[in-house]
Amino acid sequence: MRGKDEVRGSLFSYVDLEQRVRRDHPLRVIRGIVNAALIEMSPEFDALYPATGRDSIPPERLLRALLLQAFFSIRSERQLVERIDFDLLFRWFVGLGVDDPVWDATTFTKNRDRLLAGEVASRFLATVLAQPKLRALLSTEHFSVDGTLLEAWASTKSFRPKDGSGPPPDAGRNGEQDFRGQKRSNDTHASTTDPDARLFRKGPGKEAKLCFMGHALMENRHGLIVDALATRVSGHAERLAALHLVEPHADRPRRVTLAGDKGFDTRDFVAELREINVTPHLAQNTSGRRSAIDGRTTRHPGYAVSQRIRKRIEEAFGWAKTVAGLRKARHRGLAKIDWQFTFTMAAYNLVRLPKLLGAAPS
């Protein structure tokens with residue numbers, strides 16, 4: 001007998017979200033890990049909020065929602081709030097009941113800004129990896145480092161002379177401007193949209209873009225990101241950031257190894273690594289020059305292993321740009337870009353944990 005296509009409303013709701021999410025769903029494992037980290041971070045959340053006033057959106061729910069935005073490639077917070085409203089899986093992960101009202105998009109953004117002002121992203125990354133069952137996955141001796149360009153949320157038309165000279169753009173919302181014949185550099189020009197952004201090109205023959213640079217430190221056992229930060233772009237940014245990232249892990253009696261690409265093969269950088277008890281497993285750059293890495297390092301089998309594994313850090317950068325929406329920044333200013341990049345690296349780790357822990361279906 002054919003069923004009738006009728007819509008019937010009900011006065012009461014008996015939907016249990018726990019029963020709607022299948023038992024082997026990967027988000028169950030991720031939610032358990034995230035909740036344990038957020039409970040540990042509760043004292044830090046207390047310091048960000050005043051003791052009096054109206055209740056805000058709980059920071060735990062804000063962070064869970066931002067994780068969903070990265071997991072499911074949601075391009076705006078307005079779309080994120082709309083998805084939470086009708087998606088039972090999203091409601092369950094965030095911590096909302098079926099009948100709980102969802103926040104307004106503007107309210108969500110204003111509450112999220114409070115988290116951007118604190119070091120919540122770096123603490124979240126560290127707290128997640130500090131859990132006992134996750135700490136066992138990490139290598140404490142072998143690491144890899146690399147950097148990637150993050151396109152700023154600013155147009156090259158906003159890259160104007162600092163002294164205010166230069167012809168104005170044509171009238172209109174997106175007026176034309178001709179840069180032909182003009183010499184523009186970071187010393188004489190700055191973006192009026194995002195002053196922290198710098199003009200930089202990835203290599204010879206590439207176009208110059210306003211961008212930042214994201215840096216990540218990966219442990220070599222399972223390819224998880226153990227630390228991250230974003231900086232302004234420069235020719236020395238990658239090496240300076242690498243020293244900053246690896247130094248806390250080098251404070252131990254036994255030497256650690258650090259793998260990297262040819263861009264790190266300089267005598268000064270290699271000498272600074274050896275000074276802090278780090279063995280440089282860097283790719284040799286012999287293009288018209290002599291490499292700072294000699295046979296004392298390359299003759300060991302571990303060097304070849306590091307060179308093979310170090311490329312896995314590109315998987316984190318690729319996921320962040322293609323899935324998590326980090327190809328173009330959503331925020332302006334170095335502090336917010338640093339927060340966004342670090343939090344995205346934490347989301348990348350969480351995506352990989354269900355399979356690493358053996359809890360997700362193959």
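The values are calculated or read from the model by the stated rules, or taken from the named source; none is laboratory data. Since this is a predicted model, take the numbers as computed values, not measurements. Here Cβ is always computed from backbone atoms with ideal geometry, including for glycine, and neighbour counts include all displayed protein chains. Heads up: the accessible areas ignore ligands, DNA and RNA and are worked out on the full protein's heavy atoms, side chains in. Shrake-Rupley method; radii C 1.70, N 1.55, O 1.52, S 1.80 Å.
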*Per residue of region 130-144, in order, report the coupling 6.51 cos²θ - 1.76 cosθ + 1.60 (Karplus, θ = phi - 60°) as ³J(HN,Hα) in whole Hz, putting x for Gly and Pro.*
7, 5, x, 6, 8, 4, 5, 7, 8, 8, 9, 10, 10, 9, 9
_Taking the solvent-accessible surface of protein heavy atoms with a 1.4 Å probe, what is the per residue accessible area of region 20-92 in Å²?_
54 Å²
*Among LEU149, MET218, GLY118 - extreme Cα towards positive end, dipole of region 105-240, charges at beta-carbon*: GLY118
*Starting from the amide H of VAL256, placed 1.01 Å from N in the peptide plane, find each other amide H under 5 Å away whose residue is 5 or more places distant or on another chain.*
THR279
*If you place +1 on the Cβ of every Lys and Arg, -1 on the Cβ of every Asp and Glu, and leave all else neutral, what size is the dipole of the chain about its Cα centre, to the nearest 20 Debye?*
1140 debye
*Between ARG23 and ASP294, 0.36 nm times their residue separation minus their Cα-Cα distance comes to what?*
92.3 nm
*Report the one residue of LEU88, ALA37, THR188 whose Cα lies farthest in the direction of the positive end of the charge dipole of the chain (charges on C-beta: Lys and Arg +1, Asp and Glu -1; origin at the Cα centre).*
THR188
_Could you tell me the calculated FRET efficiency between ASP55 and TYR14, based on Cβ-Cβ distance and R0 = 25 angstrom, to the nearest 0.05?_
0.35
_Using each residue's phi in region 220-228, evaluate 6.51 cos²θ - 1.76 cosθ + 1.60 at θ = phi - 60° and report the 3J(HN,Hα) Karplus result to the nearest Hz, with x for Gly and Pro._
8, 6, 10, x, 8, 7, 9, 6, 7
*Using a 10 angstrom cutoff on alpha carbons, build the Gaussian network for the chain and name the most mobile of LYS328, LYS336, LYS202.*
LYS202
*Simple label model, 7 Å out from Cα along Cβ direction - ALA208 to ASP100, nm*: 5.0 nm
_Out of the total accessible area of region 86-238 (probe 1.4 Å, heavy atoms of protein only), what percent is carbon and sulfur?_
50 percent
*Förster radius 30 Å - calculated FRET efficiency between ASP268 and THR188 (Cβ-Cβ, nearest 0.05)*: 0.60
_Give me a comma-separated list of calculated 3J(HN,Hα) values for region 80-91, in order, Karplus coefficients 6.51, -1.76, 1.60 applied at θ = phi - 60°, integers in Hz, x for any Gly or Pro._
4, 5, 5, 5, 4, 5, 10, 9, 5, 5, 5, 4
*In range of the label at PHE86: residues from region 104-130 whose backbone nitrogen is under 19 Å from the point 7 Å along Cα→Cβ*: 104-106
*Rounded to 5, the percent of DSSP beta bridges in the chain classed as antiparallel*: 70 percent
*Which one of PHE72, PHE212, PHE179 has the biggest mean-square fluctuation once the chain is modelled by GNM with Cα springs under 10 Å?*
PHE179
*At ARG327 and ARG201, where each label point lies 7 Å from the Cα along Cα→Cβ, what is the point-to-point distance in nanometres?*
2.2 nm
*Give the long-range amide H neighbours of LEU282: residues separated by 5 or more places, or on another chain, with amide H under 5 Å away, using H modelled in the peptide plane at 1.01 Å from N.*
GLY260
*At 1.4 Å probe size, with every protein chain present, just tell me what the per residue accessible area of region 101-170 comes to in Å².*
47 Å²
_If the elastic network links every pair of Cα atoms under 10 Å, which of GLN284, GLN177, GLN79 fluctuates the most in the Gaussian network model of the chain?_
GLN177
_Anchor LYS133: lysines whose Cα lies under 27 Å away (excluding residues fewer than 8 positions away in-chain)_ = LYS311, LYS355
*Report, ordered by chain and residue number, the aspartates and glutamates lying within cross-link reach of LYS110, taken as a straight Cα distance under 16 Å and ignoring same-chain residues fewer than 8 apart.*
ASP55, GLU60, GLU77
*Can you tell which of THR257, LEU334, THR127 lies farthest toward the positive end of the dipole of the chain, using +1 and -1 charges on the Cβ of basic and acidic side chains (Lys, Arg; Asp, Glu)?*
THR257
*Among all stretches of the chain without exposed GluC sites (Glu not before Pro) (DSSP loop, at most 16 other Cβ atoms within 10 Å), which one is longest?*
208-362
*Holding the Cα-Cα limit at 20 Å, pick out from LYS183/LYS321; LYS157/LYS321; LYS202/LYS328; LYS162/LYS336 the pairs that are longer than that.*
LYS183/LYS321; LYS157/LYS321; LYS162/LYS336
*Find the relative contact order for the chain and round it to a whole percent, using C-alpha pairs within less than 8 Å whose residues are 6+ positions apart.*
21 percent
